[in-house]
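The values are calculated or read from the model by the stated rules, or taken from the named source; none is laboratory data. None of these values were measured; they are calculated from a predicted model. Ideal geometry is used to build each Cβ from the backbone, glycine not excepted, and the neighbour counts take in all protein chains shown. When the accessible area is computed, the model is the full protein with side chains, heavy atoms only, and any ligands, DNA or RNA have been set aside. Shrake-Rupley method; radii C 1.70, N 1.55, O 1.52, S 1.80 Å.
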Amino acid sequence: MSTITTVLGTDRARRLRAALTVLLAAAAAVGAPFYFAPFQVFQLTMVLLYAVALAGLNLLVGFGGQISLGHGAFFAAGAYTAAVMLDRYGTGHLTTLPVAAAGSFLLGLGFGVPALRLRGLYLALVTLSFAVFLPPLLKRLEPVTGGSMGLTVDKLRPPAWSGLAEDQWTYFVVLAVTAVALLLARNLLRSRVGRALRAVRDNESAAEVMGVRLALHKTLAFAWSAMFAGVAGCLYTWVIGFVSPDSFGFVLSVTLLAGLVVGGLASLYGPLLGAAFVMYVPSVSQDLSEAAPGVVFGLLIITVMFVAPTGLAGLPGRVLGAVARRVPRATAPDRRPEAGSPPDPQANPQAGTGPCVTLTPAASAVADAEPVGAAPRTEKE
């Protein structure tokens with residue numbers, strides 16, 4: 001890799017590594033549904049849609065510096081939008097996606113306006129109240145939402161020309177939507193909006209002095225984040241085929257925030273790692289302890305946070321940094337003489353022969369110079 005860096009340069013080598021990483025990840029993602037069992041393919045599909053929701057939450061919390069415990073409500077809004085359109089109006093699955101995205105965006109925009117004057121724990125409590133308030137409201141709107149019984153809709157059906165099973169086709173559709181969503185989030189963060197969000201997160205006063213409109217960008221952060229959560233909820237309806245108010249309680253909001261923190265805040269790869277954590281760790285906790293899976297889940301979160309305080313995305317950097325600090329200490333020779341060993345005469349030839357004076361060139365010139373007031377030297381001298 002050092003040879004490649006020398007030949008191509010640092011920037012080109014970095015781009016080459018990024019391109020190779022993307023190609024390998026794409027190849028693994030495309031080949032996964034043909035290798036794993038149907039249930040495992042379903043789990044991978046759930047990881048992808050959770051990654052979309054965490055990517056939106058990362059925009060708000062990781063890059064925007066605001067906290068939200070109500071993203072389960074935006075997730076539910078997108079899921080119910082798709083379910084109502086499929087059940088009541090008989091629209092196609094792909095038609096529900098832009099409608100769910102637009103509806104969640106407007107909902108986040110309306111919710112972000114009153115949240116402008118709040119920050120920290122106060123903002124977290126307000127968003128949590130929204131997540132607690134929505135499930136009972138969905139139960140009350142029984143003519144539209146089906147009440148406590150929920151709604152059952154058709155899942156995605158693979159076309160005949162594809163030759164794929166239902167789980168494989170659903171996986172590829174969700175994979176395509178997830179790739180577009182993550183690419184959109186990446187480009188958004190590299191745009192002027194993303195730079196403004198980082199400035200607001202780091203120092204609001206300095207950002208305002210530099211011309212950043214705090215109210216606009218804080219509201220847009222909520223809107224964009226809610227839109228990603230709504231898209232994830234729409235994908236959830238496609239995959240599960242059933243929605244009910246009990247599936248979107250405030251526990252979902254807390255789980256999403258915990259998954260983002262574990263995956264890594266303000267990281268492009270953090271949402272994917274956090275989504276895997278959200279999907280697989282509860283099932284592992286259930287297998288380890290059927291009596292108290294929540295206790296095991298909490299202990300696993302504490303363990304991950306102790307091992308990787310910056311999240312799983314920052315763990316490789318911490319490990320490489322620790323190895324780089326220890327390698328020079330291990331390879332550096334110890335030149336200190338052992339206790340009780342005689343000095344090495346080769347290292348200092350004049351050792352043991354009396355005081356040694358080392359003359360530098362300047363000192364030699366001074367030694368050869370004649371004393372002040374001395375008689376001039378003759379040729380014989």
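Here is how the numbers come out for the structure above:
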{"read-out": "Condition check for residue 251: open to solvent by less than 60 Å² (accessible area, probe 1.4 Å), β-branched (Val, Ile, Thr) and in a helix (DSSP H, G or I)", "value": "no"}
{"read-out": "Residue ID - farthest from the chain's Cα centre (by Cα), chosen from residues in segment 129-174 that are among the aliphatic types (A, V, I, L, M) and within 22 Å of residue 33 (Cβ to Cβ)", "value": "160"}
{"read-out": "Residue 81 vs. criteria among the hydroxyl-bearing types (Ser, Thr, Tyr) and part of a helix (DSSP H, G or I)", "value": "yes"}
{"read-out": "Cross-chain or 6+ apart pairs with Cβ under 9 Å, segment 153-176 first and over 24 Å from residue 88 (Cβ atoms), then open to solvent by 50 Å² or more (accessible area, probe 1.4 Å) and β-branched (Val, Ile, Thr)", "value": "172/30; 175/30"}
{"read-out": "Residue in segment 66-80 that is more than 16 Å from residue 252 (Cβ to Cβ) and open to solvent by less than 10 Å² (accessible area, probe 1.4 Å) present", "value": "no"}
{"read-out": "Candidates 242, 222 - the one that is closer than 27 Å to residue 273 by Cα and surrounded by fewer than 20 Cβ atoms within 10 Å (Cβ to Cβ)", "value": "242"}
{"read-out": "Positions within segment 298-316 being open to solvent by 50 Å² or more (accessible area, probe 1.4 Å) and either in contact with a Pro (Cβ under 6 Å, 6 or more places away or on another chain) or part of a loop (DSSP other than H, G, I, E, B) (or both), in sequence order", "value": "309, 310"}
{"read-out": "Flag if residue 275 is within 9 Å of the chain's Cα centre (by Cα) and either at pLDDT below 85 or outside any loop (DSSP other than H, G, I, E, B) (or both)", "value": "no"}
{"read-out": "Helices (runs of 4 or more DSSP H) wholly inside segment 179-240 containing at least 2 residues that are under 23 Å from residue 103 (Cβ atoms) and small (Gly, Ala, Ser)", "value": "214-240"}
{"read-out": "Residues (exposed (fewer than 12 other Cβ atoms within 10 Å of the Cβ) and in contact (Cβ under 8 Å) with a residue 40 or more places away in the chain) located in segment 135-148", "value": "136"}
{"read-out": "Residues within segment 56-65 that are open to solvent by 10 Å² or more (accessible area, probe 1.4 Å) and assigned to a helix (DSSP H, G or I), tallied", "value": "1"}
{"read-out": "Every residue from segment 200-257 that is of a type in the set (Asp, Glu) and either farther than 25 Å from residue 186 by Cα or over 24 Å from the mean Cα position of the chain (by Cα) (or both)", "value": "208, 246"}
{"read-out": "Total residues in segment 34-55, condition without any contact (Cβ under 8 Å) to a residue 60 or more places away in the chain and in a helix (DSSP H, G or I)", "value": "3"}
